[in-house]
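The values are calculated or read from the model by the stated rules, or taken from the named source; none is laboratory data. Predicted model, so just to flag it, every value in this text is computed and none were measured. As a convention, Cβ positions derive from the backbone with ideal geometry for all residues, glycine included, and neighbour counts pool all protein chains shown. The protein model used for the area step is the full one, side chains on, heavy atoms only, and it has no ligands, DNA or RNA in it. Shrake-Rupley method; radii C 1.70, N 1.55, O 1.52, S 1.80 Å.
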Amino acid sequence: MTLSEIMDWMMKHIDCPQWFLNAMTKQVDKCIVLYNINGSAPRIAIGGLDNTSYTHKTISILVHWGKNPIEAEAKAQEVYDLMFGKQATINGKRVIMFDMRTSAPISVGTDSEGIYEFVIEVNILHER
């Protein structure tokens, strides 16, 4: 599962004017940025890769959302709620679990332009 496949899935469910992968390539007031981050080491089942039914991908989602803290937190919570406790199919692969790393989106304050930002980290366990 690639970061762009996850972004494509999210774009079908979250209204956002601008999406980015791995970097915000231009300054905008409202956007969502997906990043790859380190997760745990992959596990292979006894019997080898052919017997391994799932793997995982760990990502960080930055919600960069305007100068209103209430709207920014609401958008971050919308993104969080898309995954928390839910099931999905992303690019034909069944998501076994969205393993949220925190109990809510984490505020990281504002950027140099005063835009509010929240971070969501999730480990996506999915079929191989």
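What to note about this one:
- Top-ranked residue of the stretch 39-72 - restricted to ones that are modelled with pLDDT of 95 or more and in contact with a helix residue (DSSP H, G or I) (Cβ under 7 Å, 6 or more places away or on another chain), ranked as surrounded by the fewest Cβ atoms within 10 Å (Cβ to Cβ): G66
- Only residues that are more than 30 Å from I115 (Cα to Cα) and modelled with pLDDT of 95 or more were counted across the stretch 73-89, and they come to 2.
- Per-region count, the stretch 1-46, residues of a type in the set (K, R) and within 17 Å of I115 (Cβ to Cβ): 2
- Complete set of residues in the stretch 73-128 that are open to solvent by 30 Å² or more (accessible area, probe 1.4 Å) and of a type in the set (S, T, N, Q): Q77, Q87, T89, N91, T102, S103, S107, T110, S112
- Within the option set Q27, Q87, Q77, being among the polar types (S, T, N, Q), farther than 21 Å from D99 by Cβ and either out of contact with any Asp or Glu (no Cβ under 9 Å at 6 or more places or on another chain) or touching a residue at least 24 places away in the same chain (Cβ under 8 Å) (or both) holds for one residue only, Q27.
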